[in-house]
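> For reference, the structure I am asking about is given below.
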Amino acid sequence: MHNKSVAELSRALEQGTVSSVELTRQFLDRIRCEDGKYNSFITVTEDQALADARAADEQRANGNATPWTGVPFAHKDIFCTRGVRTTCGSKMLENFVPPYDATVTANFRKAGAVCLGKTNMDEFAMGSSNESSYFGPVTNPWGAKRVPGGSSGGSAAAVAARLVPAATATDTGGSIRQPAALCGVTGLKPTYGRVSRYGMIAFASSLDQGGTMARTAEDNALMLNVMAGFDPKDSTCVDRGVPDYTATLDEPLKGLKIGLPKEYFSEQLSPAMEQQVRDAVKEYEKLGATVKEVSLPHANLAIAAYYVIAPAEASANLSRFDGVRYGYRCEDPKDLMDLYTRTRAEGFGNEVERRILVGTYALSAGYFDAYYLKAQKVRRLIQQDFINAFREVDVLMSPTSPSPAFVQGEKSTDPVTMYLEDVFTIAVNLAGVPAMSVPAGFIDGLPVGLQIIGDYFSEARLLNAAHQFQQVTDWHQREPN
Ligand code: GLN
């Protein structure tokens, strides 16, 4: 059963060939036996999961089930879960037990899904390799000592290793798509505002977006059906109808206009990676799509703009961790200043401190115009690039990441090299458009992802394009051993 998709598990539950309690036990056993190798979970909530599974079985027996009733999954440890500790990968929140649920958490609860635990992640979602987690690095199931990507590396590794069929994730600059690519699973970052951020621990609020990770596009659609929608508790959440994302998966792709941004196919792209992407695009042509080159002229400015805007917002968001209200507090503070400084010095890891320093600097009175304001202007130009491109084509395609999974330790000492991991994903967050990563082949035995970017609120089209690709390829079905 651990190899089955959410859709298949849902059908098995519906037909009564398995109960939620049986399924939940099987997945919990797998986590217990296998996760020592990966460290993809920070917390496993065995008792709660079994209690929820029993309740789900009852709900099914009473005839009021949703497709998710009794289906096991996991939450990235950035979503607040009432009564279950939520660490955000940080010592700062090592013992934080939220008194409330994130809207995303509440939605899955309402649907009757069974949460098995909380997945590992880079501290405060800052990173591309999962090496910045206070709870230790995650190992990619596709290669001993390889990173799973980040920051949602725990979710990606858990799904790839068949420890759960699906997991929630978040994406501020690539944290759903890049780990999905490196672990050979399918992930979707929705349009900014499509999924509520309430109770999702903030990193950079104008960029953060909750999304989905599973092996198939169909399962991503089932997840988004639960997650998307207006929430009065998040002022940036968009009040707009939510379609049934599974309803359009089977639409033919004939006439789909694909754009290949020429800036993403420059000399820096390795020939092997380019080949994988071009082969995937050929499959789309066989399905009736047409392909043309387009331009995102400001794409080369995206990383620079992001690394001003994201740290600036992070420095403001993380000011709440002061040792007074909740979270870590240093021992025996001498006075208030000592409490603040030691709490933050001891509670945050290196990457988080680096971002706070950069962000505070960029926002300081003397430098605001030179850095922050300039970055915001660049952001607007990047957004306009996408608006212009989507006047010509329906979707854009590119590699998700410049290379497959790298070796642990290879980039962690050089932040700038690490930041370049997101060279193809970051502009999407600055513009706020949705994008997916879909398994599209292997390089030296390691998975690579195809990125599909869409116009605002075109999640149904992206899922349709990914699903059709998965009907004619089997990359997403390959299993690490
Ligand atoms: N790797 C990027 C960063 O470190 C993006 C992280 C994310 O999307 N949460 O900021």
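> Measuring from centroid to centroid over Cα atoms, what is the spacing of the range 197-226 and the range 396-443 in Å?
Here the answer is 18 Å between Cα centres.
> Next question, about the same structure. With an 8 Å Cα cut-off and a minimum separation of 6 or more residues, compute the relative contact order for the range 315-464 in percent. Show your work: numbers first, answer last.
Numbers: 157 pairs, mean separation 28.4, N = 150.
Contact order relative to length: 19 percent.
> Now for a separate question. Could you bin all the Cα-Cα distances of the range 1-122 into 10 Å bins starting at 0 and give me the percent of pairs in each, rounded to whole numbers?
14, 44, 33, 8, 0
> How big is the gap, in Å, between the Cα center of the range 22-60 and the Cα center of the range 82-145?
15 Å
> Where the accessible area of the chain is counted over protein heavy atoms with a 1.4 Å probe, how much of it, in %, is carbon and sulfur?
Answer for the chain is 51 percent, counting heavy atoms of protein chains only.
> Leaving out same-chain residues fewer than 8 places away, which lysines sit with a Cα under 24 Å from that of K334?
Partners within reach: K91.
> Just the number please: accessible area per residue for the range 276-350, 1.4 Å probe, all protein chains included, in Å². It would help to have the intermediate numbers written out before the result.
Numbers: 3830 Å² over 75 residues.
I get 51 Å² per residue for the range 276-350.
> Roughly how many nanometres apart are two label points built 7 Å out from the Cα toward the Cβ at E410 and Q15?
So the label points at E410 and Q15 sit 4.3 nm apart.
> Counting other C-beta atoms within 10 Å, and keeping those with at most 16, which DSSP coil chymotrypsin sites (Phe, Trp or Tyr not before Pro) do you find in the range 286-373? Numbers along the way, then the final one.
Values: sites: Y306, Y307, F321, Y326, Y328, Y340, F348, Y361, Y367, F368, Y371, Y372; in loops: F321, Y326, Y328, F348, Y367.
Sites meeting the loop and neighbour criteria: Y326, Y367.
> Taking the Cα centre of the chain as the origin and placing charges on Cβ (Lys, Arg +1; Asp, Glu -1), which of T417, A280, L249 is farthest toward the positive end of the dipole?
It is L249, whose Cα lies furthest towards the positive end.
> Moving on. Give the accessible area for R344 in Å² (nearest 10); use a 1.4 Å probe, count only protein heavy atoms, and leave out ligands, DNA and RNA.
Taking all protein chains as shown, R344 has close to 50 Å².
> Using only DSSP helix segments of four residues or longer, with each worth -39500 (n - 2.57), what per-residue ellipticity at 222 nm results for the chain after dividing by its residue count and rounding to 500? Write out the running numbers ahead of the final one.
Details: 15 runs with 182 residues, N = 481.
The per-residue figure over the chain is -12000 deg cm²/dmol.
> May I pose another question? Find the relative contact order for the chain and round it to a whole percent, using C-alpha pairs within less than 8 Å whose residues are 6+ positions apart. Provide the component values of the computation, followed by the final result.
Working: 1161 pairs, mean separation 84.3, N = 481.
Relative contact order of the chain: 18 percent.
> Excluding ligands, DNA and RNA, what is the solvent-accessible area per residue of the range 175-251 at a probe of 1.4 Å, expressed in Å²? Mind showing how you got there, number by number?
Details: 2040 Å² over 77 residues.
Ligands and nucleic acids excluded, the figure is 26 Å² per residue.
> To continue, here is another question. Keeping every protein chain in place, order D279, D369 by accessible area at 1.4 Å, biggest value first, i.e. largest first. All intermediate terms of the calculation are to be shown ahead of the outcome.
Working: D279 70, D369 105 Å².
Order by accessible area, largest first: D369, D279.
> How much space per residue, in cubic angstrom, does the convex hull of the C-alpha atoms of the chain take up? All intermediate terms of the calculation are to be shown ahead of the outcome.
Details: hull volume 66.0 nm³, N = 481.
Each residue corresponds to 137 Å³ of Cα convex hull volume.
> Specify the longest stretch of the chain that does not include any exposed loop site, a site being one of the GluC sites (Glu not before Pro) with a non-H, G, I, E, B DSSP assignment and at most 11 other Cβ atoms within 10 Å.
Numbers: sites that count: E267, E331.
Here the longest run is 1-266.
> Okay, next question. Per residue, how much accessible area does the range 1-90 have with a 1.4 Å probe, in Å²?
Heavy-atom SASA per residue in the range 1-90 reads 43 Å².
> Assigning unit charges at the beta carbon (Lys, Arg +1; Asp, Glu -1) and nothing else, what dipole magnitude in debye, to the nearest 20, does the chain show about its Cα centre?
Details: 48 positive and 56 negative charges, 72 e Å.
About 340 debye.
The values are calculated or read from the model by the stated rules, or taken from the named source; none is laboratory data. It should be emphasised that the depicted structure is a prediction, and the values quoted were computed from it without experimental measurement. FYI the Cβ positions are ideal-geometry reconstructions off the backbone, even for glycines, and counts take in every protein chain you see. Accessible surface areas use protein heavy atoms only, side chains included; no ligands, DNA or RNA. Shrake-Rupley method; radii C 1.70, N 1.55, O 1.52, S 1.80 Å.
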